[in-house]
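Derivation of every value follows stated rules applied to the coordinates shown; laboratory data play no part. Model, not experiment: these values are computed from the prediction. Here Cβ is always computed from backbone atoms with ideal geometry, including for glycine, and neighbour counts include all displayed protein chains.
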Amino acid sequence: MDASFLISEIGKNKLRFEKKYKDKFIDVVGHVGSIEEEGKGSDKSIVIDLVGSKGRDNPFSYISCHFSIDQLDALLELNKRDRIIVKGVYRGSQIFEVGALSLFDCNLILTP
C-alpha cells in the first residue's frame, strides 16, 4: 500500500490503526526521502524516511523504515526520490517518534 495511505490512516484514527496493524508486517510503496545511519556499535541501523505519492506535505508525513546494518550495500544503491517497496513490522507508537510511524526489521522488496 502507498505510504500516503498509511500516513492518512494513522492520522484519522490512531487507535483503529494500532489494532489493525500492530505487530504485523506491512508492504509499503513510497519514495526515498532520506537515508541515514542511526545508533552505535551493535545497535547501529540504517533508517530510510519513506514519503508517499502525495509528498511530504507536513513535517510528520513520512514513515521511518529501520534496516539492519547488514543491508548497507543494497541501500547504498538508492537515491533520494527513488521509488521503492519496503516490508517491515509495525510495533506500535514509539517514544520520541518524529514521523507518522516507524517500521522495523525492514527489507527492501523492490528497487529502481
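Data overview
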read-out: Selection from Ser61, Gly41, Ile84, by position along the positive dipole direction of the chain (Cβ); value: Ser61
read-out: Pairs of lysines in the chain (C-alpha under 22 Å apart; 8 or more residues apart or interchain); value: 16
read-out: Calculated Rg and Dmax of the chain using C-alpha coordinates, Å; value: 13.0, 38
read-out: Leading residue at positive end of dipole, the chain (Cβ point charges), from Ala74, Phe17, Ala100; value: Phe17
read-out: Inter-probe distance in nm under a simple model that places probes 7 Å from Cα toward Cβ, at Asp23 and Arg83; value: 3.5
read-out: Cα long-axis angle, helix 3-12 against the chain (0 to 90 degrees, to the nearest 10); value: 40
